[in-house]
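First comes the structure, then the notes that go with it.
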Amino acid sequence: MRSLRPRERRRGLTLLELVLAVGLFALLSLAVFELLEGTLVTWRKSEVRRNQMETSTAVLELIARDFQSLEGGSRGDLVVEWETFDTNSDGGRETVWPRIRLVRQASASDAARVALQTQQTVDGPDLTEVCWAVLPSRDDGSVGTLWRGERLVHGGLSASAEAPKPSVSFFDASYVKRDGSVAAGSLDELTGGVLWFQVLLATQTSSVNDGWTLGSGLEDAATSWDAWRSARPDETRHEWNEPPSGMPRVGEEALLPRRVRIAMEFEDPTQRLRRTRISSYIAASDVAITVDDETRVPKVGSYMRVDAEWMKVKSKSGRRLTVERGARGTEAEPHDSGARISHGETVVREVIIPTYREDWKL
């Protein structure tokens, strides 16, 4: 039998070369996978942030339009108040949300839209009542759901016998129930995932050009409002319902604020599941807490919520945070290990309220 000459021999891969090739391929695949995973994570975060910004922008635009159309005459009205809720069923009322009731001018298209939604007939454009309310979510009481309702008022209804009776006024004493809820079916759900919703109002003496500050001074902003000073915000519900300082006497027209500042924070449900948690029990007096993942907490100077309590992040060092307890009108309370930390991006809108009726026609 003829043997092959050296130059005619055909060599294959050795076992060592095969192992090295498989190892290099695995490393390359892992690098590609990590790059792809990082890109997808970044895309998901950007998509969630974009959706949150779109939601908050749309909500703020609608609220701003309502405030910019406020009726300041003898038929106008505005009540901004805070309501507390028992969201953990412990018998206390630890969660606080705002409620806004106002009377606004209605254009012909506004009146037609409201008439269609409420099955009413309308003779012409007039005024509408609007109610904004944040109520505890049915699925998770620690976050809020934003609701809005609108109804025609003040002679806008036709006298036709076929027209249904108008619903109870948002300003009627029976509209708000003792538990803080409102009449069923009067509001439409807009969006959930509300972490924070604040309304600040500038009185005739408030100084807000250099920033909005809370306090009892004449230069401070107000947290509640009563256009007819009839003691409608219940001071026993929350301290933010106390009447603001420096309010002038009410004449024959509704008293309106000079400017309104609206701040909101939303948290996407998918992001909420990925939030970090506190790693050990903290007492009501503790100002230092430890978290499971330091990369999932807000930046220094921002706010975060644990259960029903808001905290302001003062400093960070690894997994250890120094915080200001009982922020945003909440009470400092103990929290068990494993309690979730919630936070969102704050979106702010300031609205200048037209002072004279002719300004509203611009």
Q) When residues of region 83-92 are filtered for being touching a residue at least 60 places away in the same chain (Cβ under 8 Å) and surrounded by fewer than 22 Cβ atoms within 10 Å (Cβ to Cβ), how many remain? A) 4
Q. So, in region 140-185, of the ones that are among the hydrophobic types (A, V, I, L, M, F, W, C) and under 15 Å from the mean Cα position of the chain (by Cα), which residue ends up modelled with the lowest pLDDT?
A. Val143
Q. Which is acidic (Asp, Glu), closer than 26 Å to Gly141 by Cβ and crowded, with 18+ Cβ neighbours inside 10 Å, of Glu265, Glu333?
A. Glu265
Q | Met304, sole failed condition from (1) surrounded by 15 or more Cβ atoms within 10 Å (Cβ to Cβ); (2) assigned by TED's automatic domain parsing to the domain that holds Gly92; (3) without any contact (Cβ under 8 Å) to a residue 40 or more places away in the chain | A | (2)
Q. Where residues in region 191-207 are polar (S, T, N, Q) and surrounded by 21 or more Cβ atoms within 10 Å (Cβ to Cβ), which of them is nearest to Pro244 (Cα to Cα)?
A. Thr203
Q.
Please verify whether Arg65 is charged (D, E, K, R), under 34 Å from the mean Cα position of the chain (by Cα) and modelled with pLDDT of 85 or more, treating the condition exactly as stated.
A. yes
**Q.** Residue in region 250-274 that is nearest to Ser207 (Cα to Cα), counting only those that are in contact with a Leu (Cβ under 9 Å, 6 or more places away or on another chain) and assigned to a loop (DSSP other than H, G, I, E, B)
**A.** Arg258
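This table checks each residue for (1) in the same structural domain as Lys316 (by TED's automatic domain parsing); (2) without any contact (Cβ under 8 Å) to a residue 24 or more places away in the chain.
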residue	(1), (2)
Asn241	no, no
Gly246	no, no
Val250	no, yes
Arg259	no, no
Thr290	yes, no
Asp293	yes, no
Q | Filter result for the condition that a residue is modelled with pLDDT of 90 or more, surrounded by fewer than 20 Cβ atoms within 10 Å (Cβ to Cβ) and closer than 29 Å to Pro354 by Cα, over Asp210, Asp188, Asp220, Asp226 | A | Asp188
Q | Candidate set from region 275-311 (those that are part of a loop (DSSP other than H, G, I, E, B) and of a type in the set (Lys, Arg)); member that is modelled with the lowest pLDDT | A | Arg275
**Q.** Tally of residues being of a type in the set (Gly, Ala, Ser) and either at pLDDT below 90 or under 24 Å from Trp310 (Cβ atoms) (or both) across region 229-274
**A.** 4
Q: Out of the residues in region 312-330 that are at pLDDT 95 or above and of a type in the set (Val, Ile, Thr), state the one that is surrounded by the fewest Cβ atoms within 10 Å (Cβ to Cβ).
A: Thr322
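The values are calculated or read from the model by the stated rules, or taken from the named source; none is laboratory data. Keep in mind the model is a prediction, meaning the values are calculated, not measured. Methodologically, a virtual Cβ is constructed for each residue, glycine included, from the backbone with ideal geometry; neighbour enumeration extends over all protein chains shown.
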